[in-house]
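Q: What follows is a single structure, and I will ask about it in a moment.
The values are calculated or read from the model by the stated rules, or taken from the named source; none is laboratory data. This is a predicted model, so every value here is computed, not measured. We place every Cβ from the backbone using ideal geometry, glycine too, and count neighbours over all the protein chains shown.
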Amino acid sequence: MMIDRPLLLALFGRALKRLFADEAIPLAGNIAFRAIFSLFPFLIFLTSVAGFFGSEALAGQVVNFLLGVAPPALVKPFAVEITSILTVPRTGLLSIAALLTIWSAIGGVDSVRVGLNRAYDIKETRSIWYLYAQNVIFVIGATVMLLAVSVLLILVPAVTQFLESYAPQALVNLTPYDIYRYPLAILILAFGLLVAHRFLPSRTLRRRDVLPGILLTVAVWIALTAGFSWYLRNFNSFASTYASLSGLFASMFFIYLAAVVLIFGGEINRILMVSRSPSAKPEL
């Protein structure tokens, strides 16, 4: 099948124009700020849920996994604080403090919802109570999914150790589980994007309509992660500009770029949806 490059460039250009028309650049800054702002409350909520189920070690497994797949230069400013959070037992899941952490963490979800609504040109019609409940469900769902991943991360080494002791021949064709760390992270990322694109906007979207933007977002995020890490190692100007706060600002700038890419994925999907509909009005 031949790829019509002029058509692809035209679609890309229209999506780029919509990105600026929808004020995605300042909105991405809002997402970056609220993501950083909600990071620690979300981790506190994560440890609270893990403690509620009787195993605070699950939260540690989640964080170790996330720190293992994230660029070291970006997570280094938060590593010490994250570790200190995980050392404090938290089982008061229904306390006022836990409710405040949920309220803070849903801010990031709400910002993504606004960005996707604009990208898909959808006007928000749902009540504020519905949106609040949806944001809470997303936070709880993300927590449960990450805890499930942590169980997998604990289970695989245990099974491997068992096989090494009682059936070493079964390990001949098995690869160490660390090799699956990055593919697992990509799958989690793609699944989270799929759920966000389909259900956060005010209209439920079909999988086939959101997949192109999701695949583009994942691919660009991987390239962005590699490129930004290389830049920080070799041409880090944040240190000379922001001094001791350089790590924080570098992380926030990375999340800002990732948010722009996230919204752009929605713009791409919208352009493709319009191009497949002959009766639709042309975009910009």
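Q: Is segment 213-232 home to any residue that is modelled with pLDDT under 90 and either in contact with a Gly (Cβ under 6 Å, 6 or more places away or on another chain) or not in a helix (DSSP H, G or I) (or both)?
A: No: segment 213-232 contains no residue that is modelled with pLDDT under 90 and either in contact with a Gly (Cβ under 6 Å, 6 or more places away or on another chain) or not in a helix (DSSP H, G or I) (or both).
Q: With the checklist (1) modelled with pLDDT of 65 or more; (2) more than 30 Å from Leu8 (Cβ to Cβ) in hand, flag the one item Arg207 doesn't pass.
A: So Arg207 meets the others, but not (2).
Q: If the requirement is being modelled with pLDDT of 90 or more, out of contact with any strand residue (DSSP E or B) (no Cβ under 7 Å at 6 or more places or on another chain) and not charged (D, E, K, R), which of these qualifies: Pro176, Pro183, Pro201?
A: Values: Pro176 fails: modelled with pLDDT of 90 or more; Pro183 fails: modelled with pLDDT of 90 or more.
Going through Pro176, Pro183, Pro201 in turn, just one is modelled with pLDDT of 90 or more, out of contact with any strand residue (DSSP E or B) (no Cβ under 7 Å at 6 or more places or on another chain) and not charged (D, E, K, R): Pro201.
Q: Taking the residues in segment 194-218 that are in contact (Cβ under 8 Å) with a residue 60 or more places away in the chain and of a type in the set (D, E, K, R) as candidates, determine which candidate is nearest to Arg118 (Cα to Cα).
A: Arg203
Q: Among the candidates Ala98, Ala167, Ala119, single out the residue that is modelled with pLDDT under 70 and touching a Gly at 6+ places or on another chain (Cβ under 9 Å). Before you say what the answer is, go through the steps one by one.
A: Numbers: Ala167 fails: touching a Gly at 6+ places or on another chain (Cβ under 9 Å); Ala119 fails: modelled with pLDDT under 70.
Among Ala98, Ala167, Ala119, only Ala98 is modelled with pLDDT under 70 and touching a Gly at 6+ places or on another chain (Cβ under 9 Å).
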